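Here's the structure we're looking at; comments come further down.
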Amino acid sequence: MNKWFGDFQVLKDINLEVEKNKKIVVCGPSGSGKSTLIRCINRLEEHQKGTIIVDGSELSENTKNIEAIRAEVGMVFQQFNLFPHLSILDNCTLAPIWVKKMPKKKAEELALDQLKKVQIDDQAYKYPGQLSGGQQQRCAIARALCMEPKIMLFDEPTSALDPEMIKEVLDAMVNLAKAGMTMIVVTHEMGFAKEVADEVIFMDEGMIVERAETKEFFANPKSDRTKLFLSQIL
Amino acid sequence: MISKNFITNLYLGLFLILVSLIDVSLNSFFKLNFTNFLPGSISFFLPLILGTIGLYLIRSDYTGLKQLDILNKNVNTSNFNAVLTLLIIFLIIKAIPPSMSWMILDANISGDSREACTGTGACWTYIKVWFRRFMYGMYPNELHWRINSAFILVIVLGMAGLLATEKLKKYLALYYVIIYPIIAFLIIYYLISGGAFGLEWVETGAWGGLSLTFIVSFFCLIFCFPLGMIFALGRRSSLPTVRYISIGYIEFWRGVPLITVLFMSSVMFPMFLPEDFFMDKLVRVIIAITLFEAAYCAEVIRGGLQALPRGQYDAAKSLGMGYWKMHIFVILPQALKLVIPGIANTFLALVKDTPLIFVVGLAEIAGMLAMAKTNPEWLGFAMEGYIFASIIFWIICYAMSKYSYNLEAKYKTER
């Protein structure tokens, strides 16, 4: 798969397959195309050449098809992107009610259940502006899970957080991973990668430089670029 | 903190300020001049000089006396500001007696003819006699109850939304955007126009005064907002046809003056219509103003849409929402909240633009004034009329702007 921003090629010949229930961590220096890659998976970015197949159906121009795929793919953003005009509970129930046509009662039960899993069910009636960054990000995870997605994408979920709050968000993600969710995580948290990832992908300049089993990746990285990156980050 | 020296200065300063204020007040209210033993120019400037010295003496850094600190921090920061402050206070004191005597003390309000106005002040009798005309235009006197009851009905129906239960809340937007305008139109059409249900027909040419201001403003406001919203979205659409149509529409209406639009609607437009097709002048005017203001609304709303971070769109899309769901539930509620001040601005301008319908022969309150002041029996009372109209417009506009502040506060959920 290839992608250009104007004349600039951000993704070069990406060839990546993720099996069900696998947890993949994508790392690499900034500007290497990690975020663009996972934003392509639910077509927040359009790719120009190649094919992307999500859960058996190919991403195409067809809007209905795209919306159906997005409903199956949860995403968590760096800046949380909660809806500030809605309460935490409404943030979580909005999409299930209007996209999946779930009855309101059932959607609320589901939302409270998901909020409980990330331990902010006591904040359900507050607004996003009243919560700390870590709480907001956990709410964003719960919001994505309320759509009962098959895959979860995380786009640097902890990069905008204070160090103290990173742990609570990572804990929520670890629990999710242990529950067997298929996850693609862009992150710099190598501790998280070591703990839950099945495979680690290292990207630089729009290409996948190295892809390896987690242990292998940290123990003997093959390319020099990866070694350099790991030596700086660890 | 406060030295003994400063306390002396404080008393002296306050005394001097008091003297200067008393001097000006006596001069203004009782035409007394204590200081006429002094040469003319010194006597004229004396209060200002005394006041400035007084303010100089009480000026100080933080003292701990609350009122004094507020005064020093806000108006008494330098000699220049002290002089300006005194001048403004003196001007107000000087302006009170003449305006009071014109508006109240020497004014007349009794009687019902021109002869009743014998005083040198305002002739409120004029307003009293013409009051019904200013409110209802040339609408027959004995039928005014029809206008009143139509307005009451429309207001009551407008407030009905407040009573909506949780279950009906989701239909509120539908109610206000589509159902309510239609019902309001029917009420106003059948009650004020008549011609059915045994009500006598009154042609729209006879409508006028403040009630016409309300009718025109009301319909233009409720129609131009949704229309503006559609064009704002259209201008940001990714479909080129929709986008260019919206841009063309907005730029066309923003480029022409309202007064020519009104002329066109009443003079040119009927020429293009089939002969047996009749559209009332008032309806044409309302449509013209609505189309015109919708372009302004569209640009204000577009400003709000652009202020939203891209992440909001991303988040809504990533949850599987399509274009309309994303806009209805996520984007528009936030964007419209952001543009409340701008929309209030546009709406206020709209209300104050309504007097322009005078050019097509419809006389709302300012138009009725213009007619009344040229009535040979009542020549020379233009001032009273314009003050009256200004007060009424001010009340309407102030109420609207207050309401917009309330809305802002009500929908404020961010920190």
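The values are calculated or read from the model by the stated rules, or taken from the named source; none is laboratory data. Since we're looking at a predicted model, the values are computed, not measured. A quick note on method: Cβ atoms are made from the backbone with ideal geometry, for glycine too, and the neighbour counts reach across all protein chains shown.
May I ask you to list the residues in the range A:26-55 that are out of contact with any Phe, Trp or Tyr (no Cβ under 7 Å at 6 or more places or on another chain) and assigned to a strand (DSSP E or B)?
Matches in the range A:26-55: A:VAL26, A:LYS49, A:ILE53, A:VAL54.
With the condition kept exactly as written, say whether any residue in the range B:45-57 is under 27 Å from B:SER99 (Cβ atoms) and out of contact with any helix residue (DSSP H, G or I) (no Cβ under 9 Å at 6 or more places or on another chain).
Yes, the range B:45-57 contains a residue that is under 27 Å from B:SER99 (Cβ atoms) and out of contact with any helix residue (DSSP H, G or I) (no Cβ under 9 Å at 6 or more places or on another chain).
Consider A:ILE208 against the criteria (1) in contact with a Cys (Cβ under 8 Å, 6 or more places away or on another chain); (2) not in a helix (DSSP H, G or I); (3) not polar (S, T, N, Q): it satisfies all of them except one. Which criterion is unmet?
(1)
Could you tell me whether the range A:100-121 includes any residue that is more than 24 Å from A:LYS178 (Cα to Cα), touching a residue at least 12 places away in the same chain (Cβ under 8 Å), over 20 Å from the mean Cα position of the chain (by Cα) and at the interface with chain B (Cβ under 10 Å from one of its Cβ atoms)?
Taking every residue of the range A:100-121 in turn, at least one turns out to be more than 24 Å from A:LYS178 (Cα to Cα), touching a residue at least 12 places away in the same chain (Cβ under 8 Å), over 20 Å from the mean Cα position of the chain (by Cα) and at the interface with chain B (Cβ under 10 Å from one of its Cβ atoms).
Table: residues versus (1) assigned by TED's automatic domain parsing to the domain that holds B:PHE15; (2) within 18 Å of B:ILE17 (Cβ to Cβ); (3) under 36 Å from the mean Cα position of the chain (by Cα).
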| site | (1), (2), (3) |
| --- | --- |
| B:LEU55 | yes, yes, no |
| B:LYS73 | yes, yes, yes |
| B:ASN79 | yes, yes, no |
| B:THR85 | yes, yes, yes |
| B:PHE90 | yes, yes, yes |
| B:ILE93 | yes, yes, yes |
| B:PRO97 | yes, no, yes |
| B:GLY111 | no, no, yes |
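Just the residues that are surrounded by 12 or more Cβ atoms within 10 Å (Cβ to Cβ) and part of a loop (DSSP other than H, G, I, E, B), please, taken from the range A:211-225.
Quick first cut of the range A:211-225, residues surrounded by 12 or more Cβ atoms within 10 Å (Cβ to Cβ) only: A:211-214, A:216-218, A:221-223, A:225.
The answer is A:PRO221, A:LYS222, A:SER223.
Counting only residues that are without any contact (Cβ under 8 Å) to a residue 40 or more places away in the chain and in contact with a Phe, Trp or Tyr (Cβ under 9 Å, 6 or more places away or on another chain), which one in the range B:296-313 is nearest to the other protein chains (Cβ to nearest Cβ)?
B:GLY311
Does any residue of the range A:167-176 turn out to be surrounded by 21 or more Cβ atoms within 10 Å (Cβ to Cβ), under 14 Å from the mean Cα position of the chain (by Cα) and among the small types (Gly, Ala, Ser)?
yes
Can you tell me which residue is modelled with the highest pLDDT among those in the range B:125-183 that are within 19 Å of B:GLY195 (Cα to Cα) and loosely packed, with under 11 Cβ neighbours inside 10 Å?
That would be B:ILE182.
Test A:VAL25 against the criterion of being away from chain B (no Cβ under 12 Å), surrounded by 13 or more Cβ atoms within 10 Å (Cβ to Cβ) and under 16 Å from the mean Cα position of the chain (by Cα), and give yes or no. Can you show your working first?
On the way: away from chain B (no Cβ under 12 Å): yes; surrounded by 13 or more Cβ atoms within 10 Å (Cβ to Cβ): yes; under 16 Å from the mean Cα position of the chain (by Cα): yes.
Yes.
Can you pull out every residue in the range A:71-80 that is out of contact with any strand residue (DSSP E or B) (no Cβ under 9 Å at 6 or more places or on another chain) and either facing another protein chain (nearest Cβ under 7 Å) or under 18 Å from A:THR36 (Cβ atoms) (or both)?
A:ALA71, A:GLN79 - these are the residues of the range A:71-80 that are out of contact with any strand residue (DSSP E or B) (no Cβ under 9 Å at 6 or more places or on another chain) and either facing another protein chain (nearest Cβ under 7 Å) or under 18 Å from A:THR36 (Cβ atoms) (or both).
Taking the range A:140-166 as the search range and keeping residues that are part of a helix (DSSP H, G or I) and β-branched (Val, Ile, Thr), which one is surrounded by the fewest Cβ atoms within 10 Å (Cβ to Cβ)? Write out each step before concluding.
First pass over the range A:140-166, keeping only residues part of a helix (DSSP H, G or I): A:140-145, A:163-166.
With β-branched (Val, Ile, Thr) added as a condition, the list becomes A:141, A:166.
On the way: A:ILE141: 26, A:ILE166: 20.
Across the range A:140-166, the extreme among qualifying residues is A:ILE166.
Mind listing just one residue for me: the one in the range B:314-327 that is surrounded by 16 or more Cβ atoms within 10 Å (Cβ to Cβ) and more than 9 Å from chain A (Cβ to nearest Cβ) and, of those, farthest from B:PHE347 (Cα to Cα)?
First, the residues of the range B:314-327 that are surrounded by 16 or more Cβ atoms within 10 Å (Cβ to Cβ): B:314-322, B:325-327.
Now narrow it down to the ones that are more than 9 Å from chain A (Cβ to nearest Cβ): B:326-327.
Working: B:MET326: 27, B:HIS327: 23 Å.
Going through the qualifying residues, I end up with B:MET326.
What do you reckon, is B:ARG133 basic (Lys, Arg), farther than 29 Å from B:LEU32 by Cβ and in contact with a Phe, Trp or Tyr (Cβ under 8 Å, 6 or more places away or on another chain)? Please lay out each step first, then the result.
Working: basic (Lys, Arg): yes; farther than 29 Å from B:LEU32 by Cβ: yes; in contact with a Phe, Trp or Tyr (Cβ under 8 Å, 6 or more places away or on another chain): no.
So B:ARG133 fails the test.
Looking only at the range B:72-94, which residues are modelled with pLDDT under 85 and under 14 Å from B:GLY13 (Cα atoms)?
The answer is B:ASN72, B:ASN76.
Can you name the residue in the range A:85-98 that is surrounded by 19 or more Cβ atoms within 10 Å (Cβ to Cβ) and assigned to a loop (DSSP other than H, G, I, E, B) and, of all such residues, is nearest to the other protein chains (Cβ to nearest Cβ)?
A:HIS85
Please count how many residues of the range B:263-285 are farther than 19 Å from B:GLU203 by Cβ and part of a helix (DSSP H, G or I). Full working, then the answer.
Residues of the range B:263-285 that are farther than 19 Å from B:GLU203 by Cβ, as a first pass: B:263-264, B:268, B:271-272, B:274-275.
Those still in the list that are part of a helix (DSSP H, G or I) too: B:263-264, B:268, B:271-272.
Qualifying residue count for the region: 5.
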